[in-house]
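I have placed the structure first, in the form of structure tokens, so that the comments after it can refer back to it.
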Amino acid sequence: MAHGPAKGITRWLYTTNHKDIGSMYLWFSLAMFLLGGVFALVIRAELFEPGLQIVDPDFFNQMTTMHGLIMVFGAVMPAFVGLANWMIPMMIGAPDMALPRMNNWSFWILPFAFSMLASTLFMDGGAPNFGWTFYAPLSTTYAPPSVTFFIFAVHIMGASSIMGAINIVVTILNLRAPGMTLMKMPLFVWTWLITAYLLIAVMPVLAGVVTMMLMDIHFSTSFFDAAGGGDPVLFQHVFWFFGHPEVYIMILPAFGIVSAIIPTFARKPLFGYASMVYATSSIAFLSFIVWAHHMFTVGMPVAGELFFMYATMLIAVPTGVKVFNWVTTMFRGSLTFETPMLFSIAFVILFTIGGLSGLMLAIAPADFQYHDTYFVVAHFHYVLVPGAIFSIMAGVYYWLPKWCGNMYNETMGKTHFWLAFIGLNLTFFPMHFVGLAGMPRRIPDYSLQFADFNMIASCGAFLFGAAQLLFVFNVIATIRSKNKATDEVWENPEGLEWTVASPAPYHTFSVAPPIK
Amino acid sequence: MSEASTEQRSIAQQALRLLGVVVAMFVFAIWVMPPLYDAFCEITGLNGKTGGQYQAVDAAVDTSRQVRIQFLATNNEGMPWQFAPQMASIKVHPGEEVEVRYLATNPTDRTMIAQAIPSLVPFKAAEYFHKTECFCFNQQALSAGESAELPLRFIVDQDIPKQVNTITLSYTLFDVTADLALAQSQ
Amino acid sequence: MTQGVTPISHNVYDLHMDIFWWCVGIGVVVFGVMFYTMIAHRKSKGAKAANFHESTSLEILWTVVPFAILIIMAIPATKSLIEIYDTKESEVDILVTGYQWKWKYEYVGEDVSFFSNLSTDPNEINNLVPKGPNYLLEVDEPLVIPIRKKVRFLVTAADVIHSWWVPALAVKRDAIPGFINESWAYVEEPGVYRGQCAELCGKDHGFMPIVVEALSEADYAVWLSEKKASAAKLKALTEKEFTFDELYAQGEAVYGKNCAACHQPDGKGISGTFPAIAGSSVATGVLGGHMNMVINGSSNNPMMSAFGAQLSEVDIASVITYQRNAFGNNMGDQVQPIDVLKFKQAK
């Protein structure tokens, strides 16, 4: 029954194999990460010094918009889906995803959507320039003609995420090997199960909001236009009803990855497994009732502001529980610090810093001074870069030997880590200060008191960017290397993926494995 | 039926149920959230919207206190009409029906149609501010050079909380000539 | 963060510092344990892994303690928010309207209103001359308010969403087209306080600052009466007959401030978005059509404002004269302020 993969390009076009599809998602997300990174470097180059030197303000707005869209929808989300595709079937002892053909389709519409989105840079009027949060009426009445293509691209990306999420839920609920109860699943599978439910609930809301935009722009409706009885603030409510769960969608799988890696390199089981499951579920539930903390200055009645302030502060509790559990996993373990562990430890520390600045942002009266400043930019870059991105890199270093059968170069991995660590902190830590000093977001030029920290941030950004080239080189070199990895790769790691050969055979668990 | 195909059927059924949730959330976003938001705003006065035409009921006027009503006018971009309240503010008794006017002039050489959108602060006063007649209920057409006095009749509810002593009513004037022409041609 | 010059801004600063220190404390504890563990429990130092992996009492402890800390934080935060929302009994009301890309300030009940534009020289922005100390934070007409009086800001917008933010007052309120928001400040010390637009509003979002000048009550009264007087003076200027060169020079300045942002300093516009003035059918066409476009805006493109409501007759006459004669248009004609007034009042 088992046969090898097809040959040539048709293998990749028609594959229904979760490993192939996982690889395609990961390569795609790496390419998008580099593209989004280039846009970030254009931004940081312009912001290196006060004055306009490199780009004009409208193009700058296109860069900030496209950087956000590509990183969120093109880099982070597809990377997590790629890891899900590769790892979930192996972790639950299943032969593949439950809906393999839909899986192929979920991937292949992405390059189409992002080619269309990237092509808007060359259209008359330029690419979308209204921020990745595209508030109306800047994104409706005042938008460039490319907005219609933007909407189309968002619909396609949304469809891809929804199909992927349905696939993941159905796979996890139906294809676990006999004996693997829900509370025996690795935490990565749990966090992805919960993430998938979030995606199913809120991606359609994003589709709804861009459809309402489309109708306002082309079909004379007035959802967000005051003249017709609509309200621009309605846009913000609907968008953030999607947007807040979206940021948890971008971090929950990270929690799962780190929860797999730390126990391995601490040589100690994950502390508080059940508590971690409950905490993740609480975070997911709470994520639906905090959206308006992105809108504290919009003019909500005080009762609304208070409710959203309290609910947002509350999310700190389950998040804190998770951090304490990771630290306790490390405590009195027997620690080594290979590259995946370095990224995971940095995750715990720096994500916590991002979380604490998030707690500061939750305090509504203080938020009046933080909102739409670089303090917010610092916060979300801390949770997304040393948060989501580091967890993805940790996962790649951790599982790459399983995927390709070869060990990566540890020195190069550590070097990548340290350069990235120093680079990102140089880039984003100063942003806390310029934000508190009064620098707003999304401006191409700034007044003189912000100059020094901006220069440091720009230098850090270029260092961080350069470090990623090392990562790309290491990944490619590993795939072609002769340095074979063992089946277990690490010292006594937990999980079914380590019971198969390295590289993992094209078809694994065609027969369900026994579960203890 | 074989085990594999019952599993396949159950997978397909689950997938379709989840797809149903997806469709339901899409419908929710477009058809339920906007009306829900509007209803919430009307009940709480949340975004300063003042609601539709009010049917006046006979009620006593509270002469023991006065509430100051301020009037503001803003032209949305591209709206060239002169548009201003006849008076900057007026003091009224709760329960008393009062009429004021806004003055509008179309200085251009073509007929134009405007829509005035009201907005009120403090938000919690919105539910106590009743318009029995307002030029904002209808679109206003003025031909080239024409002027008009636009009436607003309102009552401040007697139940308005004691702490509210000033209400600020703002009208934004929008040019809807083009939208109307477009709608008529479709 | 600035401590600011109002009781509210001091309050907000204190709240910020309190929460900040709580966060530092939590960070020190968590990271302290981590660093200790990374040193003491390394395999290379011979550490042997323990085997414990759960403890319900620990989970309860580190759920309840953070929850209690949050309650402690929430109480002063609630108090502050309720104070910020109390806009009653203001003594001065100012209608703040956000435009692309400037602010308009109207003193409610006083018949004083004016626009406030960025006044930084474009040559500074383009790195041709050194930047001044208030680079990008200076305007031609600041908002002047009295100290020791409760000043209420009624905030709205005329096109897209903007946000009015002055850190020293701890006031930030979104300006939503069609809707009115309110906030307030009670400034204790005279001074000049600078802020910026805090909501992406298009290409010059970074170039529409706010300057608030807080004066003593007496100085404020003087300023207000001078403002009313200068409005009358401007009316008188409308009757004056200007020379071509005066109109052209004034028009060049008006163009730079109000038109160049979109139509570009060289009059060539941006293809696909902003039409060129150079060789435009409007600027080289019938005078009445050109006046109509500038005074009443475009009937099919909302981005071209009705400047009749924003600029004086003198400025409109000057800028139309400039546009018709610069950029190679060379129409040779001119417009006087009185023509503009007559156009606005005509029919």
* To do: Pick out the one residue from B:Tyr102, B:Tyr171, B:Tyr128 that is touching a residue at least 24 places away in the same chain (Cβ under 8 Å), within 22 Å of the chain's Cα centre (by Cα) and within 11 Å of chain C (Cβ to nearest Cβ).
  => B:Tyr171
* Asked: Is region C:112-128 home to any residue that is facing another protein chain (nearest Cβ under 10 Å), in a loop (DSSP other than H, G, I, E, B) and within 21 Å of B:Ala84 (Cα to Cα)?
  -> no
* To do: Determine the pairs where a residue that is of a type in the set (Lys, Arg), located within region A:327-347, has a partner that is surrounded by fewer than 24 Cβ atoms within 10 Å (Cβ to Cβ) with Cβ atoms under 8 Å apart, the partner being 6 or more residues away or on another chain.
  => A:Arg332/A:Lys268; A:Arg332/C:Thr37; A:Arg332/C:His41; A:Arg332/C:Ala47; A:Arg332/C:Ala49; A:Arg332/C:Ala50; A:Arg332/C:Phe52
* Structure fact -> Note on region C:320-347: residues within 16 Å of B:Pro80 (Cβ to Cβ) and aliphatic (A, V, I, L, M) are C:Ile320, C:Val340, C:Leu341, C:Ala346
* Structure fact -> Across region B:116-173, the tally of residues that are touching an Asp or Glu at 6+ places or on another chain (Cβ under 8 Å), of a type in the set (S, T, N, Q) and either more than 18 Å from B:Ile90 (Cα to Cα) or outside any strand (DSSP E or B) (or both) stands at 2
* Structure fact -> In region A:171-189, residues that are without any contact (Cβ under 8 Å) to a residue 12 or more places away in the chain and in a loop (DSSP other than H, G, I, E, B) total 1
* For A:Asp445, which of the numbered conditions (1) without any contact (Cβ under 8 Å) to a residue 40 or more places away in the chain; (2) in a loop (DSSP other than H, G, I, E, B) fails to hold? -> (1)
* Structure fact -> Scanning region C:132-181 for residues that are within 12 Å of chain A (Cβ to nearest Cβ) and either surrounded by fewer than 21 Cβ atoms within 10 Å (Cβ to Cβ) or out of contact with any strand residue (DSSP E or B) (no Cβ under 8 Å at 6 or more places or on another chain) (or both) gives C:Gly132, C:Pro133, C:Asn134, C:Tyr135, C:Glu138
* Determine whether region A:241-248 contains at least one residue that is among the small types (Gly, Ala, Ser), more than 9 Å from every other protein chain (Cβ to nearest Cβ) and either out of contact with any Pro (no Cβ under 9 Å at 6 or more places or on another chain) or in a helix (DSSP H, G or I) (or both). => yes
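Condition check ((1) farther than 25 Å from C:Leu224 by Cα; (2) modelled with pLDDT under 95; (3) touching a strand residue (DSSP E or B) at 6+ places or on another chain (Cβ under 6 Å)) across all residues:
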{"residue": "C:Asp86", "(1), (2), (3)": "yes, yes, no"}
{"residue": "C:Ser90", "(1), (2), (3)": "no, yes, yes"}
{"residue": "C:Asp93", "(1), (2), (3)": "no, no, yes"}
{"residue": "C:Lys104", "(1), (2), (3)": "no, no, yes"}
{"residue": "C:Glu110", "(1), (2), (3)": "no, yes, no"}
{"residue": "C:Ser113", "(1), (2), (3)": "no, yes, yes"}
{"residue": "C:Asn123", "(1), (2), (3)": "yes, yes, no"}
* Given (1) within 14 Å of chain A (Cβ to nearest Cβ); (2) hydroxyl-bearing (Ser, Thr, Tyr); (3) touching a residue at least 60 places away in the same chain (Cβ under 8 Å), number of the condition C:Ser312 does not satisfy -> (1)
* Asked: Restricting to region A:302-337, what's the tally of residues that are under 30 Å from B:Thr44 (Cα atoms) and either among the polar types (S, T, N, Q) or at the interface with chain C (Cβ under 8 Å from one of its Cβ atoms) (or both)?
  -> 9
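Condition test on A:Ala279, is it assigned to a helix (DSSP H, G or I) and more than 25 Å from the chain's Cα centre (by Cα)?
no
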* Asked: Pick from region A:353-394 the residues that are over 29 Å from A:Gly413 (Cα atoms) and β-branched (Val, Ile, Thr): which of them is farthest from the other protein chains (Cβ to nearest Cβ)?
  -> A:Val376
* Do you know which residues across region A:465-489 are under 16 Å from A:Lys414 (Cβ atoms) and surrounded by 15 or more Cβ atoms within 10 Å (Cβ to Cβ)? -> A:Ala467, A:Gln468, A:Leu470, A:Phe471, A:Asn474, A:Val475, A:Thr478
* To do: Tell me, yes or no, whether region A:96-112 has at least one residue that is within 14 Å of chain C (Cβ to nearest Cβ), modelled with pLDDT of 95 or more and either farther than 29 Å from A:Thr191 by Cβ or outside any loop (DSSP other than H, G, I, E, B) (or both).
  => no
* Of the numbered conditions (1) in contact with a helix residue (DSSP H, G or I) (Cβ under 9 Å, 6 or more places away or on another chain); (2) without any contact (Cβ under 8 Å) to a residue 24 or more places away in the chain; (3) under 22 Å from C:Ile270 (Cα atoms), C:Asn301 satisfies every one except a single condition; which is it? -> (1)
* Residue count for region A:351-389, restricted to those that are within 14 Å of A:Val434 (Cα to Cα) and among the charged types (D, E, K, R) -> 1
* **Residue among B:Ala84, B:Ala141, B:Ala29 that alone is within 14 Å of chain A (Cβ to nearest Cβ) and not aromatic (Phe, Trp, Tyr)** => B:Ala29
* Asked: Got at least one residue in region C:11-18 being among the aliphatic types (A, V, I, L, M) and loosely packed, with under 15 Cβ neighbours inside 10 Å?
  -> yes
* To do: Could you tell me which residue of region C:214-272 is farthest from C:Phe307 (Cα to Cα), considering only residues that are within 22 Å of the chain's Cα centre (by Cα) and among the charged types (D, E, K, R)?
  => C:Lys227
* Structure fact -> Checked A:Pro253, A:Pro204 against criteria (under 17 Å from the mean Cα position of the chain (by Cα), away from chain C (no Cβ under 14 Å) and not polar (S, T, N, Q)); the one match is A:Pro253
* Structure fact -> Restricted to region A:283-301 and to residues being modelled with pLDDT under 95 and within 9 Å of chain C (Cβ to nearest Cβ), the residue farthest from A:Ala366 (Cα to Cα) is A:Pro301
* Structure fact -> Among A:Leu214, A:Leu198, the single one that is outside any loop (DSSP other than H, G, I, E, B), surrounded by fewer than 20 Cβ atoms within 10 Å (Cβ to Cβ), touching a helix residue (DSSP H, G or I) at 6+ places or on another chain (Cβ under 9 Å) and more than 10 Å from chain B (Cβ to nearest Cβ) is A:Leu214
* Is it fair to say A:Tyr382 is closer than 26 Å to A:Val317 by Cα, touching a residue at least 12 places away in the same chain (Cβ under 8 Å) and out of contact with any Lys or Arg (no Cβ under 8 Å at 6 or more places or on another chain)? -> yes
* To do: With the condition kept exactly as written, say whether any residue in region A:159-176 is of a type in the set (Ser, Thr, Tyr) and within 10 Å of another protein chain (Cβ to nearest Cβ).
  => yes
* Evaluate the following for C:Ile69: is it surrounded by fewer than 16 Cβ atoms within 10 Å (Cβ to Cβ) and either part of a helix (DSSP H, G or I) or of a type in the set (A, V, I, L, M) (or both)? => no
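The values are calculated or read from the model by the stated rules, or taken from the named source; none is laboratory data. Worth saying up front: this structure is predicted, and the values here are computed from it rather than measured. Backbone-built Cβ (ideal geometry, glycine too); neighbour counts: all protein chains shown.
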